């Protein structure tokens, strides 16, 4: 699993039992931001749509979160997608996909 240190509140990362563990210097529980939620989703699943963001995280402005991640250097591609809804109408939307380095 790839680890990103873009938020600055991480003291260091250690390799424990073949997994990277984030070690924080503070014991206070930090509320995870919407940008962090999107990044975690991308790392875990590889892609996200606005509908997934709304249903799972109640994030209604996914394109803004993707923009902020791209500004921090995360490589994310936009794929034009479409689907037929239950009324039989074609709908179009974006799927955002995390691009691993070198792929």
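The values are calculated or read from the model by the stated rules, or taken from the named source; none is laboratory data. It should be emphasised that the depicted structure is a prediction, and the values quoted were computed from it without experimental measurement. Cβ placement follows ideal geometry from the backbone for every residue including glycine, while neighbour counts extend to all protein chains displayed.
Tabulated results
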| quantity | calculated |
| --- | --- |
| Residue check, residue 94 touching a residue at least 12 places away in the same chain (Cβ under 8 Å), more than 12 Å from the chain's Cα centre (by Cα) and surrounded by 12 or more Cβ atoms within 10 Å (Cβ to Cβ) | yes |
| Output for the stretch 69-91, where each listed residue is assigned to a loop (DSSP other than H, G, I, E, B) and either touching a helix residue (DSSP H, G or I) at 6+ places or on another chain (Cβ under 8 Å) or loosely packed, with under 10 Cβ neighbours inside 10 Å (or both) | 73, 74, 85, 86, 87, 88, 89 |
| Criterion (at pLDDT 65 or above, in a loop (DSSP other than H, G, I, E, B), under 12 Å from the mean Cα position of the chain (by Cα) and under 30 Å from residue 93 (Cα atoms)) met by exactly one of 59, 66, 48, 43 | 59 |
| Matching residues, the stretch 29-40, being under 10 Å from the mean Cα position of the chain (by Cα) and surrounded by fewer than 16 Cβ atoms within 10 Å (Cβ to Cβ) | 40 |
